[in-house]
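To start, the structure itself, in C-alpha cells.
Every number here is computed from the coordinates shown, using simple stated rules; none is lab data. Please read these numbers as outputs of a predicted model, since none were measured by experiment. Positions of Cβ are backbone-derived with ideal geometry, glycine not excepted, and every protein chain shown enters the neighbour counts.
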Amino acid sequence: MNMREKQKPKDTLTDQKITWISLILYGIITWFGSWRVFKVLKTFFPGLSAAIYTGVCILLCSLLPIGFLLSDHRLDRLGNYWLCLQLTTFFTALPEWVIKVILADWLKIMDWNHLVYVSLALFLITWIITVLGIIHGKQIRLVTYDCSVEKKTFLGKSLRIAHLSDLHLGSINNAKEIRKVVNQVNELKPDLVCITGDTFTESIHSVPNQNQIIDALRSLNARYGVYACLGNHDAGNEFPKMVTFFESAGITLLKDECISMEGFTLLGRRDIMQGNMLTPNRKTIEACLADIDSEDLLIAMDHQPCDIEDSAKAGVDILLSGHTHGGQFFPIHLIVRRFFPHYHGCKKYGSMYSIVSSGTCSAIPPVRIGSQSEIIQIMVHGS
C-alpha cells in the first residue's frame, strides 16, 4: 500500500464522532416513535406494561448493532428491516404529535379518546406502506437514456453503457441480489459497465458469501470491461481489502484516473467526502483531464452529483453519479433535493449529460417509497 494511503490519526477520531452522532440520532428516533406508539396502544390496552414494551423495543433495536459487531447476517438483516419501521414511524409520529398538541391540548377541539383513532390509523397506514416499500425496493427496473454527442474521434460511433450504482453489498444485498443484477446487465450486452460508488455499505466483513459475489461480478460481460469509482461508503480501515475485492471481481477501480479506449476516455473520481477514507484528497476535474485528448468522448464517474457545473466546464460529455438513492422515501427526498438540486434522472448542463442513478439495489435502510431501484442503460451516439 502506498505510504500516502496509510490511515491518518484524525481518521479514527472522525469515525468515532460519526458513530456517536449516529447512536444519538438513533436513540432519539427510536424513543420518540416508540413513545407515541405506546401512548396509542396504552389507550386500547390499559394493562400494557411500560417495562415490557420498553424491553421489547430495546431488544429489537439491538439487533442491528449486535448483528454488525458479530457479523451475524440474519440479525443484521432483521435489524435493518426494524430500522425501516423505526424511521417511517418517527416521521409519522412527528405530525401525529403536533396534531394531538394543537387539537387536543391547545384548542381542545377533540379529546384524546377520539383523536387516538386518527393516530392509530396513521401508524397502521405507515406500517403497511413501509412493508410494501421494502418489497418494492427489491424490484429493479431498466431505465434507458439516449445521448447524442459531437466529438471528432467518436463521430459515427455508438456506445452502450450499463450504469450501476449503490450496490451496498451486505446482509440485505447479498449474492442472490447481485446475481440478479448481473443477469439483467448481461442481457443488455453492454459495451461498458460503470459502477459509480458505494459498492459496500460499511465494511467488507459484513458482506456474506463474498466468493459467490465475486464470481457473479466476474461474469459481467462488456466489450471494454467493468469499471468503478469510489463512494463515501467505500472507505475505512478495511479499504485495502475493498481494493482487493474489486481486483478479484475483475473490476477496474479508477481513483482520479483516466483510461482511454476507442474514441472515448473514462474517468473515475475519488469521492468528495474524505471522512476516514484511506486515500489522499482528490484532484480537481481539470487536473484529472489535463493530459486527455479533448476530441475524445469524455465520460466521468463521480459518486456524488455535487461537482456538475465544474465537470461541464472542463469538457465532460457524460457525467455518471449516484449517492442520492433518488430521495429514497418521503420526506427524506425533500432534504436530498435541498443538497442535490439534480438528485435523479438525466439532465443537460450545456452540452454535458448529467445522469444520476437512484441506486441499483435496495438502499440502506432497505425501503423505497417514491423511488425505484434501477439499472440505467445509456445509448451514446456520435453525431
Among Leu169, Leu25, Leu289, which one shows the biggest mean-square fluctuation in a GNM of the chain, springs joining Cα atoms closer than 10 Å?
Leu25
If you build a Gaussian network model of the chain, linking Cα atoms that sit under 10 Å apart, which residue out of Leu48, Leu319, Leu122 swings the most?
Leu48
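Expressed as cubic angstrom per residue, what is the convex hull volume of the alpha carbon set of region 9-136?
On the way: hull volume 17.7 nm³, N = 128.
Given the Cα convex hull of region 9-136, per-residue volume reads 138 Å³.
In what sequence, highest mean first, do 78-84, 320-326 appear when ranked by Cβ atoms within 10 angstrom? Please list the in-between numbers first.
Details: 78-84: 20.3, 320-326: 27.6.
Descending mean neighbour count gives 320-326, 78-84.
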Along region 307-318, what does the Karplus equation 6.51 cos²θ - 1.76 cosθ + 1.60 (θ = phi - 60°) give for ³J(HN,Hα), rounded to whole Hz, x for Gly and Pro?
10, 6, 4, 5, 5, 5, 5, 7, x, 5, 8, 9
Looking at the chain, identify the longest residue range that excludes and avoids all trypsin sites (Lys or Arg not before Pro) in DSSP loops having at most 12 other Cβ atoms within 10 Å.
109-383
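Below 8 Å between Cα atoms, with a sequence gap of 6+, how large is the relative contact order for region 9-136 in percent?
Contact order relative to length: 24 percent.
At 37 °C and 0.692 mPa s, what whole-number value in µm²/s does Stokes-Einstein give for the translational diffusion of the chain, with Rh from the Kirkwood sum over Cα pairs? Could you put the intermediate results ahead of the total?
Numbers: Rh = 22.5 Å.
Reported coefficient: 146 µm²/s.
Given Lys157/Lys189; Lys138/Lys313; Lys152/Lys313; Lys42/Lys138, which pairs have Cα atoms separated by over 26 Å? Mind dumping the intermediate values first?
On the way: Lys157/Lys189 16 Å; Lys138/Lys313 37 Å; Lys152/Lys313 18 Å; Lys42/Lys138 35 Å.
Over 26 Å apart, Cα to Cα: Lys138/Lys313; Lys42/Lys138.
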Lys, Arg +1 and Asp, Glu -1 on Cβ, resulting dipole of the chain about Cα centre, debye, nearest 20
940 debye
